[in-house]
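Here's the structure, in structure tokens; my notes come after.
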Amino acid sequence: MVKKDQDKNDIIDLIKNIINNHQLKNKNIYLGGFSSGGNVALLLSNYIVFTNSKIDLKGVFVVDSPIDLEKLYENAQKEIVKKVMKMH
């Protein structure tokens, strides 16, 4: 496993532990961040969704993050097409 993926898995495990230890419901979970933390939130939310990590992620928000929204939209569209093609 690539170290970056292991770091993401470690954070996912931490989130799961927080949910379990504090007896929280695993729904309506939002990730977010300010500035470069927003970029981290986007990367982690993408990883959570596409690895089926069993965290019911409701949404993600970023504040004042240096992101390319047009490229983000284009990539999201490509992923949607891939998922639809797999279904058929």
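Applying the selection to the stretch 12-32, what residues are surrounded by 15 or more Cβ atoms within 10 Å (Cβ to Cβ) and of a type in the set (A, V, I, L, M)?
12, 15, 19, 29, 31
When you go through 67, 80, 55 one by one, which is the residue that is touching a strand residue (DSSP E or B) at 6+ places or on another chain (Cβ under 8 Å) and either in contact (Cβ under 8 Å) with a residue 24 or more places away in the chain or over 21 Å from residue 5 (Cβ atoms) (or both)?
55
Among the numbered conditions (1) at pLDDT 90 or above; (2) touching a strand residue (DSSP E or B) at 6+ places or on another chain (Cβ under 9 Å); (3) under 18 Å from residue 72 (Cβ atoms), tell me where residue 47 comes up short.
Single failed check for residue 47: (2).
Which members of the stretch 33-66 meet the condition of being surrounded by 12 or more Cβ atoms within 10 Å (Cβ to Cβ) and in a loop (DSSP other than H, G, I, E, B)?
35, 51, 53, 55, 56, 65
The values are calculated or read from the model by the stated rules, or taken from the named source; none is laboratory data. Source: prediction; values computed, not measured. Please note: Cβ atoms are built from the backbone with ideal geometry, for glycine as well, and neighbour counts cover all protein chains shown.
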